[in-house]
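Novice: Let me give you the structure first, and then I'll get to my questions.
The values are calculated or read from the model by the stated rules, or taken from the named source; none is laboratory data. Everything quoted here is computed from the prediction, not taken from an experiment. All Cβ positions, even for glycine, are placed from backbone atoms using ideal geometry, and neighbour counts span all protein chains on display. For the accessible areas, the whole protein counts, side chains as well, though only heavy atoms, and no ligand, DNA or RNA atoms are used. Shrake-Rupley method; radii C 1.70, N 1.55, O 1.52, S 1.80 Å.
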Amino acid sequence: MNNDPHKDSPVRRFGKALPEASGAVILLHGRGASADDILLLAHDLYLSELAYLAPEAAGNSWYPNSFLAPVAQNEPWLASALRKVETTLRMANDAGISAERIILAGFSQGACLATEFVARHPQRYAGLLAFTGGLIGPPGADLAHTGDLAGTPVFFGSGDPDPHVPWQRVEKSASVFAEMGAAVTSRRYANRLHTISRDEIDVAQRLIREAYGTSSRDVAARVAPANESSRW
């Protein structure tokens, strides 16, 4: 078995070249999607001074089972996925972009991965956008993490009910992040499909404006059609 299946997978790019960027957004796709799919979200969150980085999972899945499965059942894919996020973050660091100028964002499986990464690597980030996701682990697991997120702005948004992500896990994840010192916003969307809503895009755009000190005119306001968003 390959113990690091995501190691050599590509990282797609959009926006400013890293050496010229003042910040970066790392975008993590969902199960069955691709880096190119999640880069559609970059158009909605576009800011001309930012670099957008989207690593791609081997086989288009970061780990094989539900994020609610026992963690051991998702290894070694989960550990490899977390290393891939760390490698992508380091690409930005090596270009002179510190963590406090980097937003991590993901949808569904990608949101779970982004959430888990930030919890395991606590520091001040420019933000975390978790579109339908939460901390990884089975029901009843201790999801607590130590460390200080130092006021990192964090958004959790999810439909309820959702076929993959129970709202209770989103709530618990938001609570854990608040205890770690994040500035958390969470929103429940009753009976919303497994997608990203207009309101969530609006929240994300506000977070970007505040993180990078831009005006409302600077952040794109295009929403992908539903058939695109389902691929995120």
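Novice: Failed condition for Gly59, given (1) in a helix (DSSP H, G or I); (2) surrounded by fewer than 15 Cβ atoms within 10 Å (Cβ to Cβ); (3) at negative phi, with all others met?
Specialist: Every listed condition holds for Gly59 apart from (3).
Novice: Now a separate question. Within the range 88-111, can you find the residues that are polar (S, T, N, Q) and in contact (Cβ under 8 Å) with a residue 24 or more places away in the chain?
Specialist: Residues of the range 88-111 polar (S, T, N, Q): 88, 93, 98, 108-109.
Thr88, Ser108, Gln109 - these are the residues of the range 88-111 that are polar (S, T, N, Q) and in contact (Cβ under 8 Å) with a residue 24 or more places away in the chain.
Novice: Please specify each residue of the range 137-169 satisfying the condition of being polar (S, T, N, Q), buried (at least 20 other Cβ atoms within 10 Å of the Cβ) and not in a loop (DSSP other than H, G, I, E, B).
Specialist: Passing the criteria: only Ser158.
Novice: Among (1) open to solvent by 10 Å² or more (accessible area, probe 1.4 Å); (2) under 21 Å from Arg187 (Cα atoms), which single condition is Val118 missing?
Specialist: (1)
Novice: Also, quick follow-up: Return a yes/no flag: does the range 24-36 have any residue that is open to solvent by 20 Å² or more (accessible area, probe 1.4 Å), among the hydrophobic types (A, V, I, L, M, F, W, C), over 12 Å from Phe107 (Cα atoms) and not in a helix (DSSP H, G or I).
Specialist: Checked the range 24-36: no residue is open to solvent by 20 Å² or more (accessible area, probe 1.4 Å), among the hydrophobic types (A, V, I, L, M, F, W, C), over 12 Å from Phe107 (Cα atoms) and not in a helix (DSSP H, G or I).
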